[in-house]
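Chemist: Take this structure first; my questions come after.
The values are calculated or read from the model by the stated rules, or taken from the named source; none is laboratory data. The structure presented is a predicted model; accordingly, all values stated were derived computationally and were not measured. Neighbour counts run over all protein chains shown; Cβ positions are idealised from the backbone, glycine included.
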Amino acid sequence: MEIDVSHIPGAQNFIADDLSRWGQQGAFPHGFASHERFKIDLKVLWHVRHKPSFVPPNAEIPWTLPS
């Protein structure tokens, strides 16, 4: 997975702009639901672990590597 973080002007990215300006009162804009939301610490985002991990931890890959 690759993460690319960049600024897109609000007029061109109105959904993200509306979410960032949402006052946390009432329903989420554009039909988003609270269970779709997660918080991530900016330090964690900036200092990405270079070791792959599974989420959830008990997830499995449905194939095997050749021996």
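Chemist: Tally up the residues in region 4-49 that are in a loop (DSSP other than H, G, I, E, B) and basic (Lys, Arg), please.
Modeler: The total comes to 3.
Chemist: Let me ask something additional. Would you mind telling me which numbered condition in (1) exposed (fewer than 10 other Cβ atoms within 10 Å of the Cβ); (2) more than 17 Å from the chain's Cα centre (by Cα); (3) at pLDDT below 75; (4) not acidic (Asp, Glu) Ser53 fails?
Modeler: (2)
Chemist: Restricting to region 9-43, give me the number of residues that are of a type in the set (A, V, I, L, M, F, W, C), out of contact with any His (no Cβ under 6 Å at 6 or more places or on another chain) and surrounded by 10 or more Cβ atoms within 10 Å (Cβ to Cβ).
Modeler: Narrowing region 9-43 to residues of a type in the set (A, V, I, L, M, F, W, C): 11, 14-16, 19, 22, 27-28, 32-33, 38, 40, 42.
From the residues that got through so far, the ones that are out of contact with any His (no Cβ under 6 Å at 6 or more places or on another chain) too are 11, 14, 16, 19, 22, 27-28, 32-33, 38, 40, 42.
Filter once more, keeping what is surrounded by 10 or more Cβ atoms within 10 Å (Cβ to Cβ): 14, 16, 19, 22, 27-28, 32.
Here the count works out to 7.
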